[in-house]
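Structure first, then comments.
Quick note: the coordinates plus some simple rules give every number you see, no bench work behind them. The model shown is predicted, which means the values in this text are computed figures rather than measured ones. Cβ atoms come from the backbone with ideal geometry, glycine included; neighbour counts cover every protein chain shown.
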Amino acid sequence: MLFWIGATLSAMICRIFGRWRVIGKENIPREGGVLLCGNHVSYIDPPALAARANGRHVHFMAKLELFQIPVLGRLIHGTGAFPVRRGTADRAALKKAIELLLSGEVVAMFPEGQRSLDGALLPAEAGVGMIALRAKVPVIPVALVNTEKLLPPHSMFLKFTRLRVVYGEPVQLDDLYDKGGREVVEEVGKRIMTAIGKLLDEYRVG
């Protein structure tokens, strides 16, 4: 229930302040496990990404520190999000993500592992590759365009802008599923970030 309340409120905010367009949501399957991977430039990214995900409940992998904030932590947990320790190989978080995907749920994450304050894409951390290779579910790249203008870094106030949330076609990974090693994990991350970058270039607006 909390997720859908949050999704409705997020959609209203994005529509009023961002004049948003949601593009390609039909690329998200209506059933079965799906991994959504987006760029990360603003604290508004998670709700913007999940608000119109083709009617699916989205489970976020969120940094542990958020769950330690009174009230906010309870709210985040209530939406179905789960914690991850950033900068470490958090096996519990990876296992949770894989379990959700294999049970047919939608999991969203930001492969960069942190916000990019200048908007430039950062390299993907290893976790996204490990999850994608283990779960073998569709991986959908998501471009969040101008979310850093809607809610700028270090700001608590929303600003008017032109927001785009673009869900791309699944990233092709079939040729990597039967292979192992660090190079394969890194290749998954590179393909995902390349797909996100292409969407950003195509749909970037002033």
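Please identify which residues in the stretch 138-156 have an amide N closer than 17 Å to a label point set 7 Å out from the Cα of residue 19, following the Cα→Cβ vector.
Residues passing the 17 Å test: 145-151.
In the structure shown, do any of 63/96; 63/149; 136/190; 136/179 have a Cα-Cα gap over 19 Å, and if so which?
Where the Cα-Cα span goes over 19 Å, the pairs concerned are 63/149.
Counting Lys and Arg as +1 and Asp and Glu as -1, each charge on the Cβ, what is the dipole of the chain about the Cα centre in debye, to the nearest 20?
The dipole of the chain has a size of about 640 debye.
Would you work out which of 92, 78, 16 lies farthest towards the positive end of the dipole of the stretch 2-203, given +1 charges on the beta-carbon of Lys and Arg and -1 on that of Asp and Glu, about the Cα centre?
Selected residue: 16.
List the residues whose amide H sits under 5 Å from the amide H of residue 116, counting only those 5 or more places along or on another chain, with H placed 1.01 Å from N in the peptide plane.
40, 41
I need the trypsin sites (Lys or Arg not before Pro) found in the stretch 12-92, filtered to DSSP loop residues with at most 11 other beta carbons within 10 Å of theirs.
30
Measure off 7 Å from each Cα along the Cα-to-Cβ vector at residue 99 and residue 198, then give the distance between these two points in nanometres to one decimal.
Here the modelled spin labels are 3.5 nm apart.
Which percent, nearest 5, of DSSP beta bridges in the stretch 2-203 are antiparallel?
20 percent
Using each residue's phi in the stretch 43-55, evaluate 6.51 cos²θ - 1.76 cosθ + 1.60 at θ = phi - 60° and report the 3J(HN,Hα) Karplus result to the nearest Hz, with x for Gly and Pro.
5, 7, 4, x, x, 5, 5, 8, 4, 9, 8, 6, x
Pick from 105, 26, 148 the residue whose mean-square fluctuation is largest in a GNM of the chain, springs joining Cα atoms under 10 Å.
Looking only at 105, 26, 148, the biggest GNM fluctuation is shown by 26.
Taking amide H positions as placed 1.01 Å from N in the peptide plane, with prolines and chain starts having none, which residues 5 or more places from residue 36, or on another chain, fall under 5 Å of its amide H?
107, 108, 109, 140
Under 5 Å between amide hydrogens, which residues at least 5 positions from residue 23 or on another chain qualify, with H placed 1.01 Å from N in the peptide plane?
165, 166, 167
Just rank 1, 109, fewest to most, by other beta-carbon atoms within 10 angstrom.
The fewest-first ordering by Cβ neighbours comes to 1, 109.
HN-Hα J couplings of the stretch 184-189 from phi, Karplus 6.51/-1.76/1.60, θ = phi - 60°, integer Hz, Gly and Pro as x?
5, 4, 5, 5, 4, x
Apply the Karplus parameterisation 6.51 cos²θ - 1.76 cosθ + 1.60, with θ equal to phi minus 60°, to every residue of the stretch 9-19 and state each ³J(HN,Hα) to the nearest whole Hz, in sequence, with x for glycine and proline.
My calculation for the stretch 9-19 gives 5, 5, 4, 5, 5, 5, 6, 6, 8, x, 6 Hz in order.
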